[in-house]
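The values are calculated or read from the model by the stated rules, or taken from the named source; none is laboratory data. In this text the structure is predicted, and so the values were computed from the model without any measurement. As a convention, Cβ positions derive from the backbone with ideal geometry for all residues, glycine included, and neighbour counts pool all protein chains shown.
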């Protein structure tokens, strides 16, 4: 059985262009939902999943995120931050975290990587960790069911005959969609992925994407399990309006 993850890497660097003008003055992970920043729900879910250390990768308005999270003690965990100097993609963000805090990544223990614009239920990450351990997978991917038109703008997950994940196809064409599942940006990943990062290639957008590196793991024989989870909510203007009332 896979060991319990103790580290979560939180991707908190994004500019949040789709949410402007709200993100001009406040970073996306701090946008409020029911009176609490989105990041609060993620840190709560991380603590409930047995995580001991949260490593936040920051860039846009990083000082606000650092001030809010502090040392992480409000969530009964330890929080550290590192600065991503350029927005070069999610895999690059992981590389920054691993280079800055190598002691958080041990060869015998997986870790969690997740976006910070999701409003996660408190048991979301705990359920993902349980599935990871029960299925003894190398990689566990949080799946969400989407309509075909939504998948075209997101990703499509292809499966092997044994039900394990074969590949994550980003921005697929219609002919590449053979399941109703897309991959959320939430994974349990083995430490072995760090050895792939120096050799990763940029996507057509010029970014280094974690999905591409995971695909390389799967091609090399690592096992991937997908857990169907309710599509996590994301921040919207209505939440902000309610908060201001």
Given 103, 66, which one is over 14 Å from the mean Cα position of the chain (by Cα) and more than 23 Å from residue 139 (Cβ to Cβ)?
66
Which of the residues spanning region 151-164 are touching a residue at least 12 places away in the same chain (Cβ under 8 Å) and over 20 Å from residue 14 (Cβ atoms)?
151, 152, 156, 157, 158, 159, 164
Specify the residue that is surrounded by the fewest Cβ atoms within 10 Å (Cβ to Cβ); the eligible residues are those in region 93-115 that are touching a strand residue (DSSP E or B) at 6+ places or on another chain (Cβ under 9 Å) and either on the phi > 0 side of the Ramachandran plot or in a helix (DSSP H, G or I) (or both).
99
Residue by residue through region 62-73, note down the ones that are touching a helix residue (DSSP H, G or I) at 6+ places or on another chain (Cβ under 8 Å) and either surrounded by fewer than 22 Cβ atoms within 10 Å (Cβ to Cβ) or under 10 Å from residue 13 (Cβ atoms) (or both).
64, 65, 68, 72
Return a yes/no flag: does region 228-240 have any residue that is more than 30 Å from residue 32 (Cα to Cα), touching a helix residue (DSSP H, G or I) at 6+ places or on another chain (Cβ under 8 Å), in contact (Cβ under 8 Å) with a residue 12 or more places away in the chain and not in a loop (DSSP other than H, G, I, E, B).
no
Residues of region 151-161 classified as assigned to a helix (DSSP H, G or I) and either in contact with a helix residue (DSSP H, G or I) (Cβ under 8 Å, 6 or more places away or on another chain) or loosely packed, with under 13 Cβ neighbours inside 10 Å (or both), total
1
Qualifying positions in region 11-65 - part of a helix (DSSP H, G or I) and modelled with pLDDT under 85
17, 18, 19, 22, 23, 24, 25
Is there any pair linking a residue in region 47-68 that is on the phi > 0 side of the Ramachandran plot to one that is at pLDDT below 95 and buried (at least 24 other Cβ atoms within 10 Å of the Cβ), with Cβ under 7 Å and at least six apart or on different chains, and which?
61/27
Please determine, by comparing only the residues of region 116-141 that are assigned to a loop (DSSP other than H, G, I, E, B) and under 13 Å from the mean Cα position of the chain (by Cα), which one is modelled with the lowest pLDDT.
117
Looking at (1) modelled with pLDDT of 95 or more; (2) touching a helix residue (DSSP H, G or I) at 6+ places or on another chain (Cβ under 8 Å); (3) farther than 21 Å from residue 208 by Cα; (4) surrounded by fewer than 22 Cβ atoms within 10 Å (Cβ to Cβ), find the lone condition where residue 78 falls short.
(2)
Looking only at region 191-236, which residues are closer than 12 Å to residue 138 by Cβ and buried (at least 16 other Cβ atoms within 10 Å of the Cβ)?
191, 193, 214, 217, 218, 222, 223, 224, 225
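Rundown of residues vs (1) over 24 Å from residue 97 (Cβ atoms); (2) part of a strand (DSSP E or B), yes/no style:
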residue	(1), (2)
163	yes, no
168	no, yes
172	yes, no
178	yes, no
185	no, yes
188	no, yes
194	no, no
203	no, no
206	no, no
